[in-house]
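What follows is one structure encoded as structure tokens, with my remarks underneath.
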Amino acid sequence: MTIETVRVPDLGGAEEVQVIELTVAPGQRVAVDQTLLVLESEKATMELPSPVAGVVARILVAEGDKVEKAGDPLLEIEVDGVAAQHPEPAAPPPGGAESPDREVPAATVAPPPAAVPANTGEELAGAAAAKAEPPVSADAHAPRSGGEIHAGPYVRRLARELGVELARIQGSGPRQRILKEDVQGFVRRQLQAARPAVAGAGLPQVPEVDYARFGPVAEGELSRIGRLTAANMRRNWLNVPHVTQFDAADVTELEAFRRAQGDAAQARGVKLTPVPFILKACAAALRENPVLNRALSGDGGHYVQREFYHLGLAVDTPRGLLVPVLRDVDSKGIWQLAAEIADLAERARTGKLRIDELQGACFTVTSLGAIGGQGFTPIVNAPEVAILGVSRAAVQPVWNGGEFVPRTLLPVSLSYDHRVVNGGDGGRFLTRVVALLSDIRALLL
Ligand code: CAO
């Protein structure tokens, strides 16, 4: 049996040298060049490779031990078969006979790798971002049982600083050597996996304030509809990259026409407001701009092109906001739409809508025209991709090229999901709606 003692190599004058990691255990079989332990000075770390193949017989130091001087014994290896296993046949010892306890200073058999400057994890983020991430292998998730770990001193140090077990990392280098990028990728994947699955769940919390400290207060609960609306608004706001575009339609002629229908409306028992005209204009503009009548798939990679024109109409009710749906708006007349709006709005306010009357919309109109305001930014009702906000029409001076004339202008705002609808699509759609409302004869074409 030949025992080889591995000794402290030349430390290049370093004073404080410590054994920071033992990478083998007694009884473990080691190959030539396999890292036995890692030393660290104040400036560098270095791996000590095995000069021979064999079985670790004794380890003479412990992690944390200070190493005093070159030549001190570190561990002993029972050599397999000296001639066969040695990388290069060792020079015969003086006298020609093989010494039974041949002692080889580690540095003389295989020089330790060049000392690597001590490093911190600060470069981690930048370097990791620039590098394509290696694929995650199943091994990356469970500690490796047994087997060697090939990693350089810097990588070992980095892993130690980050608290990462090297055994959990699949190396992508030669002989599955663990590279810096493997450690970075592992850490990044762990962080990603730890992220909350619910969109927005990681948002900073709004602080709770005890308002009673500042004056009298009363508390109340949101209605069921109010809670649902809050959840939907939050979901839509967080998921949809919104753009809102503003315009104003000259509805002078439309308003004159609408008022001229007063008697007819009375005879039919229907109130004729601007809303059915707006719905009709939207259906026509959707047909001409089908992008706004798409729905985006959950994975963001597909869309569904709807070829029907069901429009939601936001209704303000005492129990909260409801959005009943008018079906096939493109094929219905203004009187029919006006009657359906009145019916749906009434039943929304009295809690008599059926579930199916709240489903299937392609696009939503929300009108605050009766209430007031000059413009607002509505929130897209996902998975719809656009919504039209309508504000209060008002008479305004408009320059006709020769003079200012009084015209009735209806402010409109279109919010859309910018993942699906480009500015050009949105602009063409809104311009068309405005044109149709400015000359409703075009709705007949
Ligand atoms: N500009 C000026 N006047 C308008 C107008 C506008 N854009 N839109 C409606 N009006 C007028 C109507 O002509 C009517 O006047 P007259 O009684 O003189 O004819 C009056 O306002 C009241 O209209 P209305 O509210 O009874 O009917 P409507 O068709 O305009 O609206 C509905 C129906 C259901 C949209 C509405 O009742 C409603 O609930 N609006 C609120 C929607 C809402 O809350 N949206 C916000 C959602 S996001 O929080």
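Taken together, the values in this text are just the output of simple stated rules run on the coordinates, not laboratory data. Since the structure is predicted, the reported quantities are computational estimates derived from the model, not experimental observations. All Cβ positions, glycine included, derive from the backbone under ideal geometry; neighbour counts span all protein chains shown.
Computed on region 296-386, with alpha-carbon pairs under 8 angstrom and 6+ residues apart, the relative contact order is 32 percent. Distance between the C-alpha centres of region 204-274 and region 275-314: 20 Å, rounded to the whole angstrom.
Stretching Gln28 away from Thr350 to a fully extended chain increases their span by 107.9 nm, per 0.36 nm per residue minus the current alpha-carbon distance.
With Cα atoms as the point set, the radius of gyration and Dmax of region 298-445 evaluate to 16.8, 54 Å.
On the beta carbon distance between Ala267 and Ala394, with R0 = 30 Å, the FRET formula returns roughly 0.55. Taking packing as the residue-averaged number of other Cβ atoms within 10 angstrom, the listed peptides 411-418, 300-307 run from highest to lowest as 411-418, 300-307. Distances between every pair of Cα atoms in region 284-337, grouped in 10 Å steps from 0 to the bin holding the largest one, split as 21, 38, 31, 10, 0 percent.
Volume of the convex hull of region 295-383 (Cα atoms only), normalised per residue: 125 Å³. Based on the convex hull around the alpha carbon atoms, region 193-286 presents an average projected area of 13.2 nm².
Put simply, the amide H of Ser50, placed in the peptide plane, has neighbours under 5 Å in Asp33, Gln34, Thr35, Leu36, leaving out anything fewer than 5 places away on its chain. Normalised radius of gyration (Cα atoms, divided by 2.2 N^0.38 Å) for region 207-342: 1.42. Applying 1/(1 + (r/R0)^6) with R0 = 35 Å to the Cβ-Cβ distance of Val55 and Glu161 gives a FRET efficiency near 0.65.
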